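The values are calculated or read from the model by the stated rules, or taken from the named source; none is laboratory data. Computed from a predicted model, the values in this text were never measured in an experiment. Positions of Cβ are backbone-derived with ideal geometry, glycine not excepted, and every protein chain shown enters the neighbour counts. Heavy atoms of the whole protein, side chains included, go into the accessibility calculation; ligands, DNA and RNA do not. Shrake-Rupley method; radii C 1.70, N 1.55, O 1.52, S 1.80 Å.
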Amino acid sequence: MLRNSCFSRRLGISCASTLKKNSKVRSQFQDKQLKEELRLLTENQRKIKEKAKELKQIIKDNREKDKLKWLAQKDSLQLSGEATTAQIDSVQATMNLTPVKIKQIENGIKTQISDSQKNKILPQSVMGLLSSKSDALTRSDTRTPTWLLAVQEIDKFDSNVPVADIEQFLHAIPLNEKARHIVKLETMIPESHRSQYIKDNFMAAYAQLRNPEQVNAILSTCESPTLFSYSHLAKARFRTHASPEAISDVIEMMEARNLKPNLQIYTTLVQSFIQNQRFSEAESVFSNMKYMSLQTQPDTRLYNSMILAAAKYNVNRALDLFEEMQSKQPKPVEADENTYNMLVYACARDPKTHTTAWNLFSEALNRGYVLNNETCRALMYLCGSSGELLLARGLVKRISEISSYAIDNFVLNCLFTSYWKWEPKNPATNLSMHTMAGQGIRRFLISDDSKTSTNMIPFLPTTQLNAELVLAESLAVFKYFSEISPEKLSVTNMGSAMYGKSTTLINLLKTVIKLGSIEDFKNVYSRYTSSDKTNGITTFTIPRDHYIYMVALNAAIKFKDVAFGKEVWTERGEWRKSASFRSMTQAERNRLDFKFAKSLIDLLTVIGNLDEAVALLRSASKLHNWKWHDVIPLIEQCKESENDKLLAEIKGIINKNKKDTRDAQDIAILEDKF
């Protein structure tokens, strides 16, 4: 028992000593562990600070990229317009009207600010340079943008203004205004403060001004030009109608700096080929873009450009492109209002696709697209091509509701083409009333004419038209515009008749021939046209030229008025002495003379004066190379009257003009004709 007690006591002492020793060791270990944790925490804090610094730099870089991206979007290189400079500007202006949403994060809340508000948000360093008077003006007059006051008042930014603040100042200026004030802006910003973003802004402005030389000069000063720098150079060259090779040079310059050309650059190249009428090469680049990368896949605007190009030579190709947009994988390309407008233009060029054009318009309406000015113009072109008079009248009313200025020479020419192509046997519309699309479009465009309208254009208050009403209305509408806006009816504004384009007056004259009498025609002819020796009855007249004389001669042919025909022939002979005729090339003068001589022979044939017709053919054979198909009516009349003598003379005249192998084949055909 005693032994056990001593053993227990010694064991207790030993355990206590061990526990005390272990406690000391544990305390030392914990201290060491705490120190290590503190060291790790300090190291982590250091790393976090470094990461925070890196993140700040990344955010700054991303802001720079966002600025460049915004500028590229604002300064879009992709167009949907025609190949001419005026059409390019028109389409580009339409593209630039798209609102740009500028996102600003402030106190953790995303806010959207309008362009007008954005113009006033300038850095304090810039605002501080404005006078107190200007500062008060910016508070009281919301129409005056702050950036404009800065341009007007600040001569030059000093070194105290941070580069980032100058960039924000430039960011607030719209592209067109930036181009207008580019000289002052270059004066305001010293060389030492010109970052790559600022230089890109300058290049964008000069590209807008069609100045590739200045863009190239700024580009040569860039140490690290960006993708957008070269985009501005490509745009500047494109806008000056440079060759596609000039755009290809820009791509080579980019590749030399290991910059990969993007969708915008290739789009500019495609549009350059289209602009230079090199459609097959445009198609080739367009097709290759689909296989380059995901970043070069054609977008809506490029498809629009291709559709517009295809519309000029192949309507089916335009429709194929539209179908390709809708079925493109992995994601279809969204069609916009411009897509449908261009498809309507394309389909209007071929009578076989007129119904398709109206169906496309119906589809656009169902998708919620509004009837804007460009859509109205596309539909007016379609109405003029297909003779849809009721729909054309409804469209003109809609256009006048948008703005009276929107009714221009193009719209009027399309309206009067509709008058001319209106068919008495089919007085309604070619658009099928048995389809939902047809009924919907008619309800949308053709208003209830029984109601009083504020529209001042003298359209008759009815949709039940006949030949007499159409003729009366066309004359009243022409008279109305000749009195209030004669410039919209002039040849100069509608395209020179020298190029054979249908003008509003010529379409009116054709309408009178189709629906009226020779007296009606002579009244309009004398009222609105004039020669060197005669003046029109009204103050507004258009000088007579070859095309007006041709229409007059066609009137004489239809109404078999040989006296009027000879009067036109004689007057045209005097016109041939005019400066306008003599300014043409010899080939053009011969071509017009031949067409007129052919029409005069047709007139003599119609009235049965075959001897005089053959005499004119004999006389004209000294200047023109006549073929059998040029005088088919004359040959048929001679055969019907069994006048073998005249037939033999016609055959001799035509045989005498045969000079090549193809004409020899025509001789064999001529033998059959005789």
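A few remarks follow.
- Scanning the stretch 605-619 for residues that are of a type in the set (A, V, I, L, M, F, W, C) and open to solvent by less than 10 Å² (accessible area, probe 1.4 Å) turns up ALA613, VAL614, LEU617.
- Residues of the stretch 318-352 satisfying the condition of being within 19 Å of LEU365 (Cα to Cα), in a helix (DSSP H, G or I) and hydrophobic (A, V, I, L, M, F, W, C): LEU319, PHE322, MET325, MET342, LEU343, VAL344, ALA346, CYS347, ALA348
- Where a residue in the stretch 383-394 is among the polar types (S, T, N, Q) and its partner, wherever it lies, is at pLDDT below 90 and open to solvent by less than 10 Å² (accessible area, probe 1.4 Å), with Cβ under 6 Å and at least six apart: SER385/ALA348
- Test: PHE286 is farther than 29 Å from GLY368 by Cα and at pLDDT 90 or above: yes
- Residue pairs whose Cβ atoms lie under 6 Å apart, sitting 6 or more positions apart in sequence or on different chains, and linking a residue in the stretch 546-565 that is open to solvent by 50 Å² or more (accessible area, probe 1.4 Å) to a partner that is among the hydrophobic types (A, V, I, L, M, F, W, C), are LYS558/ILE513; PHE559/ILE518; LYS560/VAL606; LYS560/ILE607.
- The condition of being open to solvent by less than 60 Å² (accessible area, probe 1.4 Å), in a helix (DSSP H, G or I) and of a type in the set (Phe, Trp, Tyr) holds for TYR303.
- For the residues GLU177, GLU106, the requirement of being acidic (Asp, Glu), modelled with pLDDT of 90 or more and open to solvent by 20 Å² or more (accessible area, probe 1.4 Å) singles out GLU177.
- Checked against the criterion of being out of contact with any strand residue (DSSP E or B) (no Cβ under 7 Å at 6 or more places or on another chain), over 22 Å from ASP561 (Cβ atoms) and at pLDDT 85 or above, the stretch 657-669 contains not a single residue that satisfies it.
- Residue match in the stretch 374-393 (condition: in contact with a Ser or Thr (Cβ under 9 Å, 6 or more places away or on another chain) and more than 22 Å from GLU473 (Cα to Cα)): yes
- Candidates GLU388, GLU374: the one that is surrounded by 16 or more Cβ atoms within 10 Å (Cβ to Cβ), acidic (Asp, Glu), closer than 30 Å to LYS290 by Cβ and modelled with pLDDT under 90 is GLU374.
- Residue identified as at positive phi and exposed (fewer than 15 other Cβ atoms within 10 Å of the Cβ) among ASN288, ASN258: ASN258
- Checking ASP644, ASP593, ASP602 one by one, the residue that is within 28 Å of GLU519 (Cβ to Cβ), among the acidic types (Asp, Glu) and at pLDDT 85 or above is ASP602 and no other.
- Checking THR534, THR503 one by one, the residue that is open to solvent by 20 Å² or more (accessible area, probe 1.4 Å) and at pLDDT below 90 is THR534 and no other.
- In the stretch 395-410, residue nearest to the chain's Cα centre (by Cα) [restricted to those that are open to solvent by less than 10 Å² (accessible area, probe 1.4 Å) and touching a residue at least 40 places away in the same chain (Cβ under 8 Å)]: ILE407
- Being among the polar types (S, T, N, Q), surrounded by fewer than 17 Cβ atoms within 10 Å (Cβ to Cβ) and farther than 26 Å from SER485 by Cβ is a description that applies to ASN625.
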